[in-house]
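Everything on this sheet refers to the single structure shown next.
The values are calculated or read from the model by the stated rules, or taken from the named source; none is laboratory data. Here the structure is a predicted model, which is why all the values come from computation and not from measurement. For neighbour counting, all protein chains shown are included, and Cβ atoms are generated from backbone atoms with ideal geometry for every residue, glycine included. Each accessible area value is taken on the protein alone, full model and side chains, heavy atoms only, with ligands, DNA and RNA left out. Shrake-Rupley method; radii C 1.70, N 1.55, O 1.52, S 1.80 Å.
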Amino acid sequence: MSHIFLSKKLASAKRSPSERKGIHTWHPYYAGYSEAFVTSAIEYLAINKSHILLDPWHGSGTTALVASRYKLRTIGCEINPVMNIFSTAKSGFLIGQGKLIEKLSQEIEDRVLDSLSEDRDDDCLLDFMSESLSRGIRTLYLALNSYSYPQTPLDTRLFKHLEKIPSFFNPFEAFFKSALFITARKLAGYKGGSNPTWVKTLENKAEYCIEDIVAEWLRVVDCMIDDLHSAVIPTLDNIIHLPISMDSRKLCIHSNSIDGIITSPPYLTRIDYAMSTRPELLIINNSSFLRSIREKTIGAPVIFDKTIKVNPIWGVNCLTVLKQVETHSSKAAQSYYLPNMLQYFRDVELSLRECIRVLKPKSQALIVVQSSYFKEHEINLGQIYTEICRNLNTQCEIVNREIVRGHMAHVNTKSSLYKNAKVYYEDVVCITK
Ligand SMILES: C[S@@+](CC[C@H](N)C(=O)[O-])C[C@H]1O[C@@H](n2cnc3c(N)ncnc32)[C@H](O)[C@@H]1O
C-alpha cells in the first residue's frame, strides 16, 4: 500500500441533501458526485478561463454544471445519450430563455395534436407502459426530432481540441426531450426499487389520451424552467459546455490539448448504468440500440468479450485480486466474475491511457473511485488505478480518502452475506502527466 497524501483542499464527493432537489430530480442519478467536490477540484487544479476541462465519464454533467458557474469551458464525454440529453438541458444558455421555451413548447403542442403515430403491437416500450401512453410518447418524440430549433452560438474554441466535429444536442431540443423522459416516467408510474438500476414495471398500466400526455409534458416544461432558475447558473450568451457522445476508451481529442480532468468512472460494483435509463433509451431508439450502449458501458454486469487476458500493467494489487477470484470456490467466480473483471480492467486501462494522452504535459487529472469487495476480498480500486497510471509512466497518488456509508455494492442482495464489518473507501486519485 503506497502512502496516501491526505489533502485538505478537496471537499467530500458525497452529495448533500440540497443536491437532491430542483435540476437534480430530473434524472435522480445515484452515481453523481457533489458540486462541492467539483468546486474544490477546480481550485485544486487551478483551472481558469483560458483552459479546457475534460470529464471523460460525464454522467449527469456535475463537472460542467459547476464549471459553468465560473464560466469555464468543459468537454464532457459520455457513452449514454440519455445522460448527454439531461446534461445539455442544464446549459446556462437556457437561463433567461423561459419565454422562448414556452413559445416553442406551444408550437410543438399544436403539431403533436395534429399527428398521432400509428399503434405498434411490437413496440418495446409496451414493457413499460400502456399502448396509448407509448403511442403518445412516440408521437411527441417524433415531433421533437423534426422541429427546427433556434440556432445556439457555440464557443468555437471547444472544437479546436476535437479530432472531428461530433454530433451534439441543441439545448432547446435537449430540454424538451428531458421533459418528455420525465413525463414518461411520471405517467407510467415507475417506482424506484432497492436497486436503482432496474426500472420496475407496473401490472396495471394506465391509459392516457394524447391531450393529457401533452398537458403533463407542458407542466413538466414549466417546472424545469423554474428549476433552472434556482440552479445558480449564470446566464451565458454562448455554449461553453459541450457534452458529446464519446467512448472514454477512444477519445477523439487531440493529444496534449487538455488542461485538466475531473471525473469519476464506473466502479467495480456491477452497477448497470445503461439499464437504469432503459425506458429513455427505448424512447430514443429500440432494444438493439439499448444493447449497443450497454456493450460499450464500462462495468456493465454482462460479458461481451471472453478473450481478454490479464495484463501485468494493471499492477500487483489488481493481479492479486484477479488471482483471488480465479481460485475462489464460489460457483460463478470463474465463469462470470473473472471475465467480467478482466473486461473492466482492460476498459479502465484503455481509458486511462486516453486520459493521459490528451492531457497537456504537467497537467493533472482528479479521479474519484470507490473500493468494493469480491466476496470477502477487498478490491482497493484507488490503489489499482494508481498502480496502472504509474505503470503508464505518470506520477500518481491518492490525494484524498473518505470512508463511505450506504455503498452501492449493497444493492446486490447476495453480497449482503459478506457486508458486515466491511469498510469502503472513496479515494481521489491524482495523475500528473
Ligand atoms: C460514476 S458515473 C459519472 C457520474 C458523474 N460524475 C456525475 O456527477 O453525474 C460514470 C459514467 O460513465 C459512463 N460510461 C460508462 N462507460 C463509458 C464509456 N465507455 N465512455 C464514456 N462514458 C462511459 C456511464 O454511463 C456513467 O454515466
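Structure summary
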read-out: Residue within region 353-372 that is buried (at least 17 other Cβ atoms within 10 Å of the Cβ), among the aliphatic types (A, V, I, L, M) and not in a strand (DSSP E or B) present; value: yes
read-out: Residue within region 312-330 that is assigned to a helix (DSSP H, G or I), within 16 Å of the ligand (Cβ to nearest atom) and not hydrophobic (A, V, I, L, M, F, W, C) present; value: no
read-out: Hits in region 137-159 (condition: free of Cβ contacts under 8 Å to residues at least 60 places away in the same chain and under 13 Å from Ile240 (Cα atoms)); value: Thr156, Phe159
read-out: Residue in region 105-126 that is among the hydroxyl-bearing types (Ser, Thr, Tyr), touching a Pro at 6+ places or on another chain (Cβ under 9 Å) and part of a loop (DSSP other than H, G, I, E, B) present; value: no
read-out: Region 377-422: number of residues that are at pLDDT 60 or above and touching a His at 6+ places or on another chain (Cβ under 9 Å); value: 4
read-out: Leu10 being modelled with pLDDT under 95 and open to solvent by less than 20 Å² (accessible area, probe 1.4 Å); value: yes
read-out: Residue list for region 291-301, filter: within 13 Å of the ligand (Cβ to nearest atom) and free of Cβ contacts under 8 Å to residues at least 24 places away in the same chain; value: Ser292, Arg294, Glu295
read-out: Positions within region 270-289 being open to solvent by 20 Å² or more (accessible area, probe 1.4 Å), more than 10 Å from the ligand (Cβ to nearest atom) and either within 22 Å of Tyr190 (Cβ to Cβ) or touching a Pro at 6+ places or on another chain (Cβ under 8 Å) (or both), in sequence order; value: Arg270, Arg278, Ile284, Asn285, Asn286, Ser287, Phe289
read-out: Test: residue in region 246-257 that is part of a helix (DSSP H, G or I), under 15 Å from the mean Cα position of the chain (by Cα) and crowded, with 20+ Cβ neighbours inside 10 Å; value: no
read-out: Positions within region 232-245 being within 16 Å of the ligand (Cβ to nearest atom) and open to solvent by 10 Å² or more (accessible area, probe 1.4 Å), in sequence order; value: Ile233, His241, Ser245
read-out: Selection within region 112-170 - closer than 22 Å to Arg185 by Cα, at pLDDT 85 or above, surrounded by 15 or more Cβ atoms within 10 Å (Cβ to Cβ) and of a type in the set (S, T, N, Q); value: Ser130, Ser132, Ser134, Thr139
read-out: Which numbered condition Ile384 misses (of (1) buried (at least 24 other Cβ atoms within 10 Å of the Cβ); (2) within 13 Å of the ligand (Cβ to nearest atom); (3) not small (Gly, Ala, Ser)); value: (2)
read-out: Residue list for region 23-71, filter: in contact with a helix residue (DSSP H, G or I) (Cβ under 7 Å, 6 or more places away or on another chain), away from the ligand (no atom under 15 Å from the Cβ) and more than 19 Å from Cys430 (Cα to Cα); value: Tyr70
